[in-house]
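The values are calculated or read from the model by the stated rules, or taken from the named source; none is laboratory data. As the structure is a prediction and not an experimental result, all values here were calculated from the model. Positions of Cβ are generated from backbone atoms using ideal geometry, with glycine treated the same way; all protein chains shown enter the neighbour counts.
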Amino acid sequence: MSLRFQPRSLLTVAFILLFSYIVVESSEMPIQAKMYPYTIGIIALLLLAYQLVREILPAAKTETDKTGVDIDFTAEESSKQGKRRALELFAWMYGFALLLWLIGFYTAAPLMVLAYMLRHKETLVVTIALPLGTGIATWYIFGHLLHLPFPPGVLLEWAGLV
Amino acid sequence: MKKFTGPLALGSLLAGVAAWGIADTQAVNAQGFYKGKTIKMVVRSAPGGGYDFYGRLLARHMAKYIPGNPNMIVINMPGAGGIVAANYMASRAKKNGTEIAILTRELALAQRTKEIGVRYDLEKLSALGSAASSTFLVVLGKNQPIRTYQQLKDSKKTVLFGATGPGSGSYQYPSLLKKDGFNVKIITGIIGGSARFLAIERGDTHGTANSYESTRKAIKELGLIPIFYNGAPHKALPVPHMSTLLSKEGKQLAALLGAPLAAGRPFYTTSGVPADRLKLLRDAFKAALHDKELLKEAKRAKRNVAWTAAGVMEKVNQEILGASDAVISAYKSGAKKVYVKHTAPVTKIKKKGKRIYFTYKGKEIKVKVSGKRTKVQVNGKKVKRKAIKIGMTCKFKFAGPGGEAKYIKCK
Amino acid sequence: MIDAAIAGLIGILQWKALLLMMVGIVISSTLVAMPGIGSKTAIALLLPIAFTLNQFEAICLIMSVWAVSNTANSITSILFSVPGGGGSQATIMDGYPMAKKGEAARALAASFTSSAIGGIIGAIVLLVAIPILRPLVLLLGPPEFFMLVMVGIAMVGALSGKAPVKGIIAGGLGLIISMVGVHIITGLHRFTFDQIFLIDGFKLIPVTIGLFAIPELIYMGVKGTGISDLPLGDLSKGRKQGIQDAFTHRWLILRSSLIGVWVGIIPGLGSAVADWFAYGSAKQTCPGARETFGKGDVRGVIAVDAATNAKEGGSLIPTLAFGIPGSSTLALIFGGLIIVGITPGRDMLTKDLHLTFSMIWLLIIGTIITSILCLTFTRQLAMATKLRPTLMIPVILAMAVIGSFAASSRFEDVLIMFAFGTIGYFMRAGGWPRPPLLLGLVLGPIAERHMWTSVQLHGVDFLWRPGVLIIFALLVVCVAYPMFQDRNSKLRAQETES
């Protein structure tokens, strides 16, 4: 009997690891702190074992990825091209996070918008207007009016610019 | 904080920043320093609530006493009970006198007890002064017979106190009473003074401990009975101060709990501020707290204002930082119960079985045996404590040397 | 009482008070529409002005912010799947799919209208309850709170759709995440690895933005088209349809509003729960809902928004009865009202009854005005769904970062948001429902805390208290009713076949 391994089972396994850690970690706590995480962890592990078996066994019904209640994954997204584009967007996200850490929000946000415009070859008007607009709007509303204390950025601090 | 507008001309960006930097170094003396500058007032909690009120109050009125009339803005930096704001002031804040903060009054205590996450050193922060002193109050509901401290002490019935949880003021005060031998039980998980008052009204609990400011209304509305207070006295409170009523250890602990209350709303700035600028800030702080407009606003909002000098604040902090290990461990044992398990033969018995001695880590220590709370077993059978004899090998579970044993299982 | 009502009304209809009401409404609507900026920030900004006002004016300014925040924060939920604030997460579930189908105008209009009606119902319940306020609030204690939260947790099943096992696990995950931080009962640090940002636990807003907005962003990027790739149709007609929908489903609005009011009465449950309760209950009781909810059913939007607005009236009840603010936002508001001499408590029901009435009138009038304001701009707002993704994606990304940061000024929250964005994407890919995770996150600490407090107070016997048993019966009905319905319809289908 050949077991069917789907990439989605990785998530199930990840959850199993997580809940196992929770159970082990909470087993040493006094009863009042322990009860909830321990109980929930054990129940979850049992259900996860059942879920994993269902995903791996070929004889079981094909696992549906339609939840019936949440916004479902489309065929378009599971295609190769869909996954490639998703990967690129993750790169944008984490790149933005890195940029935020390096040069702070008020510089990183308009820069990110600008870079995105350039990547997708938008018109000149938009390429100038949107980043500028983003920069001015965020600086005025969130910086000047609301004084949100965004960290100024590691690089800029090191360079003594802030 | 330097602000950047458009991103496109990175060159003009850098040029603008360079110009700012040059302008900064041109400010030479304290008098001219603050002209055109913005002072950040960091508040240790979220908008609303006491600390935020005082932070904003000072931000509105302090600037006019600083030559150059700088702009003052308020920034909320909540987290970890005020530790986040304190860490910020100790490390990332600008050290030129443009950043001041209202920090938690338990700052010194948290540092002394080595709270998780503390990364500041109070010795390195510069105190500006305190805007008010706080009073903590223990109150009981009106639908029960106890009216005075003495009745509370003598109560045969267990008095239930509602509290948030270990580490909070509402927990520490009943915990202190319990340690001093009062018949008190603490019910945790009731968050917020309001919820605790409701619990009293509902009859679930009998009393609670809370700051006077937040309790004053409830005393009027719900008829709560104040029993005693800690911290600054209040003319409207005809009840005794806590320390007059406790045992010696209790007094020490009460003093520790009460010390932060003297500087109830403490303001600090960073280290490294030139002496003349620091004096300027301290003077402005004092002047602001005597400002007529500020006092009017505070009165309208029913918040008390009392200026405490920076020197007094620093002395209070020094006292707390210098508290003895014994008091600190007594204070901490109210927070987390960590039990030790140890097996050893019984070496001495005193007070008719109420004190059992054995060797632990090379020293002879004693544990207290309570008739009600300590589980005593011999060979698996439940017995009274006088059944323990010298020479029996027993397994003890206890909080620490001199503490009460949870169980003693002997063979 | 009638003359107090009239006096209250006249008080807020003075021109200066009215003007301040409008100012409060406009400021609140714009600020609150931005993700992460809640009504608390807006109120904190306006508080200093209160020092110069009289009582009616202060009520108008400060409370108008509060009264309208729940209406405006649905905007980004519907248009961009970015939750605008605590009470608007469940709006995403059906509001955003409607936007994707080109029905943004309808969704927005339905949301604003049901918000108005829900707010009015909340105010009316408050009015009616004034004589019985005190015994009402005293009736419920920690045991009853606990069982009520259990009802909510039972809704995890309702929110799991066709994947109950995965849904329950997701709910469990949410519960576990909610336990990171200081355990309130013992003071113990759980799962914090001694990191400060974990000591305070995971905050709801960054997790929600990450879980819902980021995967949608990625979806948009993959699809290559705007939020809606269907033609928008006649926006005015869509708006009219939305308004009509609200009136068609008036019984749903009434039911959801009552749920909202109850959640408001119970101190500590908060708006993040009112919307899910209403959503779950609508799903269980509306005909055909179990098939259509989550795919753009306007009833999902209506139920949620009516409940979150009605909740405000409910949360005033404990505030007026005991001077005990029913929510942290109300605590902030009354902190501001004290400045003008208004102290919550017994006086509000006797000496200051006219002020209480002006608050109720403000709730009603303010909600209506806000809804009209929002309805006016509905068409313009709806057009945002047709914008190119290359324009939307970077802007929404920036919004997501601001929203996550603004909640508590911690950069770690931005990282948490991105982390949950990744998790949300993989959950969608693997068919794991996300709403149960949110529900677990919101309800976890409340359930655990009330359970242990109840045990401390009454021992395990707290489960046998009459209030608890009644609510438990309600829970059983909630869970069993849809199964019953299912069985009935299956039997009927069999009958028609044979």
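Give me the strands (runs of 3 or more DSSP E) completely within segment B:199-285, filtered to those with at least 1 residues that are surrounded by fewer than 23 Cβ atoms within 10 Å (Cβ to Cβ), ordered by residue number.
In segment B:199-285, the matching strands (runs of 3 or more DSSP E) lie at B:207-211, B:225-231.
Just checking, does segment A:107-125 include any residue being of a type in the set (S, T, N, Q), under 20 Å from C:Pro215 (Cβ atoms) and loosely packed, with under 13 Cβ neighbours inside 10 Å?
No, segment A:107-125 contains no residue that is of a type in the set (S, T, N, Q), under 20 Å from C:Pro215 (Cβ atoms) and loosely packed, with under 13 Cβ neighbours inside 10 Å.
Restricting the search to segment B:294-305, which residues are of a type outside the set (Val, Ile, Thr) and at pLDDT 90 or above?
If the condition is that a residue be of a type outside the set (Val, Ile, Thr) and at pLDDT 90 or above, then B:Leu294, B:Leu295 are the ones that fit.
Among C:Leu198, C:Leu175, C:Leu148, which is the only one that is within 13 Å of chain B (Cβ to nearest Cβ), of a type outside the set (Lys, Arg) and in a helix (DSSP H, G or I)?
C:Leu198
Given segment C:354-433, what helices (runs of 4 or more DSSP H) lie entirely inside it while holding 2 or more residues that are in contact with a Phe, Trp or Tyr (Cβ under 6 Å, 6 or more places away or on another chain), within 30 Å of A:Leu48 (Cα to Cα) and within 8 Å of chain A (Cβ to nearest Cβ)?
Qualifying helices (runs of 4 or more DSSP H): C:411-430.
Does B:Ala90 fit the bill of being within 14 Å of chain C (Cβ to nearest Cβ), of a type outside the set (D, E, K, R) and touching a Phe, Trp or Tyr at 6+ places or on another chain (Cβ under 7 Å)?
Taking the combined requirement at face value, the residue satisfies it.
Do we have C:Ser328 as modelled with pLDDT of 75 or more, farther than 30 Å from C:Trp432 by Cβ and hydroxyl-bearing (Ser, Thr, Tyr) here?
Criteria not met by C:Ser328.
Return yes when B:Glu106 is among the acidic types (Asp, Glu) and either out of contact with any Ser or Thr (no Cβ under 7 Å at 6 or more places or on another chain) or within 14 Å of chain C (Cβ to nearest Cβ) (or both) and no when it is not.
yes
Against the definition (within 11 Å of chain B (Cβ to nearest Cβ), touching a Ser or Thr at 6+ places or on another chain (Cβ under 6 Å) and either closer than 30 Å to C:Ala44 by Cβ or assigned to a helix (DSSP H, G or I) (or both)), how does C:Pro318 come out, yes or no?
No, not satisfied.
Among the residues of segment B:353-376, how many are without any contact (Cβ under 8 Å) to a residue 12 or more places away in the chain and either under 22 Å from B:Gly181 (Cβ atoms) or surrounded by 15 or more Cβ atoms within 10 Å (Cβ to Cβ) (or both)?
The qualifying residues number 2.
Write out, first by first residue and then by second, each pair whose Cβ atoms fall under 8 Å of each other, whose residues are 6+ apart or on separate chains, and whose first residue, in segment A:82-96, is touching a residue at least 12 places away in the same chain (Cβ under 8 Å) while the second is hydroxyl-bearing (Ser, Thr, Tyr) and in a helix (DSSP H, G or I).
Correct list of pairs: A:Trp92/A:Tyr116.
Just to be sure before I move on: is C:Ser454 polar (S, T, N, Q), buried (at least 16 other Cβ atoms within 10 Å of the Cβ) and within 25 Å of the chain's Cα centre (by Cα) in the structure I sent?
Against the criterion (polar (S, T, N, Q), buried (at least 16 other Cβ atoms within 10 Å of the Cβ) and within 25 Å of the chain's Cα centre (by Cα)), C:Ser454 does not qualify.
Taking the stated definitions as given, is C:Val65 at pLDDT 80 or above and within 14 Å of chain B (Cβ to nearest Cβ)?
yes
Pick from B:Leu176, B:Leu103: which is touching a helix residue (DSSP H, G or I) at 6+ places or on another chain (Cβ under 6 Å), outside the structural domain of B:Lys248 (by TED's automatic domain parsing) and not β-branched (Val, Ile, Thr)?
None of the others qualify; the one that does is B:Leu103.
Does A:Tyr36 count as more than 22 Å from C:Tyr425 (Cα to Cα), at the interface with chain C (Cβ under 9 Å from one of its Cβ atoms), touching an Asp or Glu at 6+ places or on another chain (Cβ under 7 Å) and of a type in the set (Phe, Trp, Tyr)?
Yes.
Looking at B:Lys350, B:Lys292, B:Lys296, which is the one that is away from every other protein chain (no Cβ under 14 Å) and surrounded by fewer than 15 Cβ atoms within 10 Å (Cβ to Cβ)?
After ruling out the rest, the residue left standing is B:Lys350.
Just the residues that are farther than 28 Å from C:Phe146 by Cβ, of a type in the set (Lys, Arg) and part of a helix (DSSP H, G or I), please, taken from segment B:141-194.
B:Lys153, B:Lys179
On the given criteria, is C:Glu291 without any contact (Cβ under 8 Å) to a residue 60 or more places away in the chain and not hydrophobic (A, V, I, L, M, F, W, C)?
Yes.
When only residues in segment A:1-17 that are facing chain C (nearest Cβ under 8 Å) and in a helix (DSSP H, G or I) count, which is surrounded by the most Cβ atoms within 10 Å (Cβ to Cβ)?
So the residue we want is A:Phe15.
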